[in-house]
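Bear in mind that the values in this text are calculations on the coordinates, not laboratory data. Because the structure is predicted, anything quoted here is derived from the model rather than measured. In this analysis, Cβ positions are derived from the backbone assuming ideal geometry, glycine residues included, and neighbour counts consider all displayed protein chains.
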Amino acid sequence: MKLYKNHSMKEHSNMKIGGTAKEFIEIENKNELLDVLKEKENRFIIGNGTNTLIFDGELDTTFISLKAIDYIDDKGEGIVEVGAGLDFSDLIDYMAEKNYTGLENLAGIPGSVGGLVFMNGGAHGTEIFDKIISVEIVDENNELRKIEKENLKFSYRVTEIKEKKWVVVSATFKFENGYLSEVVEKYKLKRSENHPLNEPNLGSTFKNPEGYFSARLIIEAGLQGKKVGGAQISMVHPNFVVNKGDAKFKDIIDIIEEVKAGVKNKTGIQLEEEIIIVRN
Ligand SMILES: Cc1cc2nc3c(=O)[nH]c(=O)nc-3n(C[C@H](O)[C@H](O)[C@H](O)COP(=O)(O)OP(=O)(O)OC[C@H]3O[C@@H](n4cnc5c(N)ncnc54)[C@H](O)[C@@H]3O)c2cc1C
């Protein structure tokens, strides 16, 4: 385990905003995780930080990283247990190597496996839970438990794990054979064309309300390109907020609130954040 005091969080969020955390702990194995979770109450599990906006002042929080829990344990017959800290892109590479299919539509999502499982991340009609058979979590009683998928509640960008603030330690997938490299290439290319990948961002800021696309609602409300301080509603993808270089935490919060108010005013629809916000 590695512990850093007064740790800068700026590089731990893909928005490149973040203040000084009281502590930052890199966990190296499951037992360490159980010990740390027992001890630290004001804590936040940080994955790749691709969906998390972090307050830019002093943070009285212990951030816990599971990046080192990044194993891949292939149990045969397409059953693969993966550590929560693994980069999702490494899982896609592994699928290519083993000719496994099932999650190609998600290629290019920059999160960790734990982050994707936490919120049932997905894209193009596929969600990570489509291929999961069980997850290993630490629950509210600090117990390490394996839960079969059928005993877990999850839906669009929501899971019981998120609702109960459990920690994802690993996920077990069941893949069929027949990796679709052309699907991976197609969606990676699409992302490079349709997402503002050269500016700090957190992906989709708002969930899509049922029957609508947030991006379309933002355009209809005339908000694409809107700026608040160093934050802007992306010209490339209106559901993305980008940091133009010097954005403050407050700029991002203010632009989110303005978009919610503008869309509500114009369409009557209440947008809800998909991104996770860490305040003090
Ligand atoms: C350019 C871009 C494109 C994106 N495209 C998509 C997309 O198509 N589909 C999609 O669903 N998302 C997308 N995202 C958002 C993001 O990549 C996903 O939500 C991803 O799942 C977040 O993973 P992370 O490791 O970065 O999580 P973080 O941002 O580090 O954390 C997000 C949340 O997950 C929790 N968390 C992380 N790891 C664990 C764990 N082990 N146990 C418990 N909780 C944990 C954190 O506490 C936090 O609440 C995109 C983001 C970007 C920047």
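Below is a table of values for the structure above.
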item	result
Relative exposure of TYR71, TYR100, TYR94, judged by other C-beta atoms within 10 Å (fewest first)	TYR71, TYR94, TYR100
Cross-link table LYS226/LYS266; LYS207/LYS264; LYS165/LYS226; LYS2/LYS153; LYS207/LYS244, entries beyond 26 Å C-alpha to C-alpha	LYS165/LYS226; LYS2/LYS153
Paramagnetic reach from SER155 in segment 115-135 [backbone N under 15 Å; point 7 Å along Cα→Cβ]	120
FRET E, pair VAL236, TYR4, Förster distance 35 Å, beta-carbon r, rounded to 0.05	0.50
Binned Cα-Cα distance frequencies in the chain - 10 Å width, integer %	6, 28, 34, 24, 7, 0
Point-to-point label distance, ILE277-GLU39, nm (Cα→Cβ direction, 7 Å offset)	3.2 nm
Summed residue charge, Cβ within 13 Å of GLU148's Cβ, Lys/Arg positive, Asp/Glu negative	+2
Selected from TYR212, TYR156, TYR179 as most flexible by GNM, with the chain as the system and alpha-carbon contacts under 10 Å	TYR212
Candidates VAL138, VAL113, VAL168, ranked by Gaussian network fluctuation over the chain, Cα under 10 Å, top entry	VAL138
Compactness relative to 2.2 N^0.38 Å, alpha carbon Rg of segment 72-182	1.00
Potential extension, LYS174-ASN194 segment - 0.36 nm per residue separation minus Cα distance	4.2 nm
Candidate aspartates and glutamates - alpha carbon under 15 Å from LYS164, same-chain residues fewer than 8 apart omitted	GLU41, GLU136, ASP139, GLU140, GLU143
Rounded FRET efficiency, nearest 0.05, which uses the C-beta distance separating GLU148 from GLU11 and R0 of 41 Å	0.65
Antiparallel %, DSSP beta bridges [both residues in segment 2-65], to 5	40 percent
Stokes-Einstein D for segment 122-262, Kirkwood Rh over Cα pairs, 4 °C, 1.567 mPa s (µm²/s)	73 µm²/s
Candidates GLU136, GLU97, GLU160, ranked by Gaussian network fluctuation over the chain, Cα under 10 Å, top entry	GLU97
Potential lengthening between LYS30 and ASN265 on full extension [0.36 nm per residue; Cα-Cα distance subtracted]	79.8 nm
